[in-house]
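Down below is the structure, laid out as C-alpha cells.
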Amino acid sequence: MDHGGVGPYELGMEHCEKFEISETSVNRGPEKIRPECFELLRVLGKGGYGKVFQVRKVTGANTGKIFAMKVLKK
C-alpha cells in the first residue's frame with residue numbers, strides 16, 4: 001500500500017505550532033542555557049553517539065515549554 005512517502009501514520013500538521021525563524025527569534029539575548037535549566041522527563045532515543053531526552057525548561061525564557069535535548073558522548 002502506498003502512503004505517499006509518509007509511512008503508516010498520517011502526519012497531523014494541525015497540531016503543530018508554526019512561526020517564522022529569524023536572527024532575532026533564535027538569538028534572544030544574553031541568557032545562558034545550562035543543563036540545570038531543564039527538568040528531565042524521559043529518554044526519547046539512544047544511539048552510538050549519544051541520547052535524546054525530552055526536557056522541560058524550568059528557568060528563564062520559555063519556562064514550562066517542552067524541548068528535545070541531544071546529549072553527545074565525547
Residues of type lysines that Lys74 reaches as a straight line, Cα spacing below 24 Å, ignoring anything fewer than 8 places off in the same chain: Lys32, Lys46, Lys51
task: Evaluate the distance, in nm, between pseudo-label points positioned 7 Å from the Cα of Glu23 and of Met69 along their respective Cα→Cβ axes.
output: 2.9 nm
- line: Filtering chymotrypsin sites (Phe, Trp or Tyr not before Pro) in region 13-49 by DSSP loop and by at most 16 other Cβ atoms within 10 Å leaves Phe19, Tyr49
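For region 30-74, which GluC sites (Glu not before Pro) are both in a DSSP coil and crowded by at most 14 other Cβ atoms within 10 Å?
Loop-located and lightly packed - Glu31.
All of the numbers you see were taken from the coordinates with simple rules; none came from a lab. Just so we're clear, the structure is a prediction, and the values are computed from it rather than from any experiment. Cβ atoms come from the backbone with ideal geometry, glycine included; neighbour counts cover every protein chain shown.
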